[in-house]
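Peer 1: I'd like to ask some things about the structure below.
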Amino acid sequence: MSKIFETPLYPYARSPDQDAARPVRHPVVVVGAGPVGLAAAIEFAMSDVPVVVLDENDRVSRGSRAICFAKRPLEILDRLGCGDEFVDKGVQWNLGKVFVDVQKIYEFDLLPEDGHKRPAFINLQQYYFEEYLINRVRQLQDEGRRIDLRGNNKVVGVDARSDSVDISIETPEGKYKIETDWLIACDGANSPIRTMMGLAFGGRVFEDNFLIADTIMEANFPVERRFWFNPPFNRGQSVLLHSQPDNVWRIDFQLGWDIDKDEEAKEENVRKRIHAMLGEEAQFELEWVSVYTFQCRRMEKFRHGRVLFAGDAAHQVSPFGARGANSGLQDTDNLIWKLKLVLEGKAPESLLDSYNDERVYAADENILNSTRSTDFITPKSEMSRIFRDAVLDLARDHEFARPLVNTGRLSVPAVYDGSGLNGPDVDQMPRRTRPGSSACDAPVNDRWLMDRLGGRFQLLAIDCNVPESIDVDGVIVETLVLDSTDDPSGALSKRYLGHCDCAVYLMRPDQHVAARWMKFDESAVCKAVNCATGRG
């Protein structure tokens, strides 16, 4: 059993701020040192923005918690300089299978094409995820980046004003105060900051109950996502099985509504369920057990003046589809470059409203898909159950019915269709790389396209001559020029050219497409950059 969560990785240490005569002011403060808060802090530090991270704990989360991390967040981690560590440790998978009783009715491949650096998903325990992010924080600190991670610093008061935010903090040595230009709240589903500010959290609370049993055992199950409807070891309910590193297996049992949660969580009862599934002779240890219900909810707005909410603090979904931590990492991916431009005076504060617009749009998409999955897995009416069972029966023999089987539409990045930051489009080019979409990877000689994009505005020029860089009122747009000799597999042309002979793409710092053209036009590029930075 992993003991990493028993060891303080960012123990309390007295800060000079605690001895200051008056509250010290910082450009950015992040509250919460989970995956979302740490990713935000790392990106700020890499962007040369000093950042303070406050967390009431001093170690990583207990238990596996979030385990499924999708391709897009892995690409974000690559840009943060630490993706290899996650992928090397994680269990990589693309394939999922669905069973009714014990019969497989269909399978799906989440990444059926070649030419991508990262897999569709990895499974990795959250405590490793947080540890590796903390390792990256330490690397940046050793490089002289200004990132201050303060453990056992509990935020107990927030006073948001028009030009700053006052923060009251409780520590083992007493209270102190600091100020910040901007506060990023990544403090989880029960967000104390949201509560302190009296902000509502609207949506749907589900009555369904589920049991997570993270089980250490030697097993010969294939590395894939397996989902059972009505198996003999959990009649009338569902079961989900996932592999994790270190011979840990996530088994998720549906329990129903009217249960005794404390009774279900007792070790002897959990063992009975697992033995019913694996056989009485099965040998295993229990690493972590949790009985949970879930919510599909969000805040009305993610920006409240100089306080911005991200991750579970801003929105929650059911675990079916792995949309929680994955969407949280995409929140900060969307936010940090915008806030950096605002801090540098290169964009108006109103650019931050686009964070709210784009990520509320993404949250609504996640909530819709998550709610649909939950309603299919746990029908709420007799008619819904009849429909669900009919779909499952048809899916055994008829391919047309299989896409209707919903065990959790797995996390994919949101496409910001209709965003006010989007510029011109070209219909002849592939829809998958239209403005608002995240960039699509492709092999480029002996490198990967995604490794050459991100962190700044760029022009991606394919078979087209463009200047090395363009200065658009202080925003430097660099250029990556590629041609057919850089594309031996043809994947780049297929994914970015379509029916065009050449293309110019304007890429945002978060690797999303801002605009695209069939030829280079400097005035059009400047106009699109101003649009993407909220300046025009």
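Peer 1: What does the helix-only formula give at 222 nm for the chain: each DSSP H stretch with n ≥ 4 adding -39500 (n - 2.57), the total divided by the residues, and the result rounded to the nearest 500 deg cm²/dmol?
Peer 2: On the way: 12 runs with 144 residues, N = 536.
Value at 222 nm, helices only: -8500 deg cm²/dmol.
Peer 1: Which trypsin sites (Lys or Arg not before Pro) in the range 450-531 pass both tests, a DSSP loop state and at most 16 other beta-carbon atoms within 10 Å? If you can, show how the numbers build up before the last one.
Peer 2: Working: sites: R452, R456, K494, R495, R516, K519, K527; in loops: R456, K519.
Sparse-neighbourhood loop trypsin sites (Lys or Arg not before Pro): R456, K519.
Peer 1: May I ask you to list the lysines whose Cα is less than 20 Å away from that of K177, ignoring any residue fewer than eight positions away on the same chain?
Peer 2: By straight Cα distance, K177 reaches K154.
Peer 1: Right, here's the next one. For the range 131-202 and the range 418-476, what is the separation of their Cα centres, given in Å?
Peer 2: 34 Å
Peer 1: For a test of the definition: using alpha carbon positions, the gyration tensor, and the 1.5 limit on a/c, classify the range 431-532 as rounded, prolate or oblate. It would help to have the intermediate numbers written out before the result.
Peer 2: Details: a/c = 1.58, a/b = 1.51, b/c = 1.05.
Because a/c hits 1.5 or more and a/b exceeds b/c, the range 431-532 counts as prolate.
Peer 1: Additional query: Which whole-number percentage describes the relative contact order of the chain, with Cα contacts under 8 Å and a sequence gap of 6 or more?
Peer 2: Numbers: 1148 pairs, mean separation 74.2, N = 536.
Worked out over the chain, it gives 14 percent.
Peer 1: Add +1 for every Lys or Arg and -1 for every Asp or Glu among the other residues with Cβ under 10 Å from the Cβ of P435, and state the total. Mind dumping the intermediate values first?
Peer 2: Values: positive: R434, R508, R516; negative: D417, D425.
It works out to a net charge of +1.
Peer 1: Rounded to the nearest 20 Debye, what is the dipole magnitude of the chain about its Cα centre when Lys and Arg each give +1 and Asp and Glu each give -1 at the C-beta? Provide the component values of the computation, followed by the final result.
Peer 2: On the way: 65 positive and 84 negative charges, 158 e Å.
Here the chain has a charge dipole of around 760 debye.
Peer 1: For D163 and A200, calculate 0.36 nm times their separation in residues minus their Cα-Cα distance, and state this gained length in nm to one decimal. All intermediate terms of the calculation are to be shown ahead of the outcome.
Peer 2: Working: separation 37, 0.36 × 37 = 13.32 nm, distance 2.31 nm.
Stretched out fully, the D163 to A200 stretch lengthens by 11.0 nm.
Peer 1: Hey, another quick one. Which residues in the range 239-258 place their backbone N less than 19 Å from a point set 7 Å from the Cα of N220 along the Cα-to-Cβ direction?
Peer 2: Within reach of a label on N220: 242-244, 247-249.
Peer 1: Excluding A282 itself, calculate the net charge of residues whose Cβ lies under 14 Å from the Cβ of A282, where each Lys or Arg counts +1 and each Asp or Glu counts -1.
Peer 2: On the way: positive: R271, K272, R273; negative: E218, E280, E281, E285.
Charge balance near A282 sits at -1.
Peer 1: If you don't mind, there's one more thing I want to ask. Of G536, L80, V24, which is farthest along the charge dipole of the chain in the positive direction, counting Lys and Arg as +1 and Asp and Glu as -1 at C-beta?
Peer 2: Of the options given, the answer is G536.
Peer 1: Could you state the number of Å between the C-alpha centres of the range 35-54 and the range 342-398?
Peer 2: So the separation of the two Cα centres works out to 28 Å.
Peer 1: Still on this structure, I have one more. If each of E113 and N465 carries a label point 7 Å out from its Cα toward its Cβ, how far apart are those two points in nm?
Peer 2: With each label placed 7 Å out from Cα toward Cβ, I get 3.1 nm.
Peer 1: According to a simple spin-label model (label point 7 Å from Cα along Cα-to-Cβ), what is the distance in nm between D48 and L394?
Peer 2: Distance between the two pseudo-spin positions: 5.9 nm.
Peer 1: Let a ≥ b ≥ c be the square roots of the eigenvalues of the Cα gyration tensor of the chain; is it rounded (a/c under 1.5), or, if not, prolate (a/b larger than b/c) or oblate? The partial results should precede the final answer.
Peer 2: Details: a/c = 1.79, a/b = 1.18, b/c = 1.52.
Judged from the Cα gyration tensor, the chain comes out oblate (a/c at least 1.5, b/c at or above a/b).
Peer 1: Right, something else. Using DSSP to call loops (not H, G, I, E or B), can you name the GluC sites (Glu not before Pro) in the range 74-161 whose Cβ has at most 12 other Cβ atoms within 10 angstrom? Provide the component values of the computation, followed by the final result.
Peer 2: Working: sites: E75, E85, E107, E113, E130, E131, E143; in loops: E113, E143.
In loop regions of the range 74-161 (DSSP not H, G, I, E or B), the sparsely surrounded GluC sites (Glu not before Pro) are E113, E143.
Peer 1: Estimate the FRET efficiency between D425 and S523 by the formula 1/(1 + (r/R0)^6), using the beta-carbon distance for r and 25 Å for R0, to the nearest 0.05. All intermediate terms of the calculation are to be shown ahead of the outcome.
Peer 2: Numbers: r = 17 Å, r/R0 = 0.70.
Approximately 0.90, to the nearest 0.05.
Peer 1: Can you compute the FRET efficiency between R372 and R14 using 1/(1 + (r/R0)^6), with r the Cβ-Cβ distance and R0 = 35 Å? Round to the nearest 0.05. Intermediate values should be presented prior to the final figure.
Peer 2: Details: r = 50 Å, r/R0 = 1.43.
So, using R0 = 35 Å, E works out to roughly 0.10.
Peer 1: Within the chain, which whole H helices from DSSP have a Cα span along their axis of at least 27 Å and a mean Kyte-Doolittle hydropathy of -1.0 or more, if any? Provide the component values of the computation, followed by the final result.
Peer 2: Values: long enough: 324-343 (28 Å, 0.05); 351-377 (39 Å, -0.59).
Membrane-span-like by this criterion, though nothing is claimed about a membrane: 324-343, 351-377.
Peer 1: If the rule is a partner Cβ under 4.7 Å, which cysteines in the chain fail it?
Peer 2: C68, C82, C186, C296, C440, C500, C526, C531
Peer 1: Extending each Cα 7 Å along its Cβ direction at E207 and H275, get the distance between those two points in nm, one decimal.
Peer 2: 3.2 nm
Taken together, the values in this text are just the output of simple stated rules run on the coordinates, not laboratory data. Small disclaimer: the values here were computed from a predicted structure and weren't measured. Heads up, the Cβs are rebuilt from the backbone with ideal geometry, glycines too, and the neighbour counts pull from every protein chain shown.
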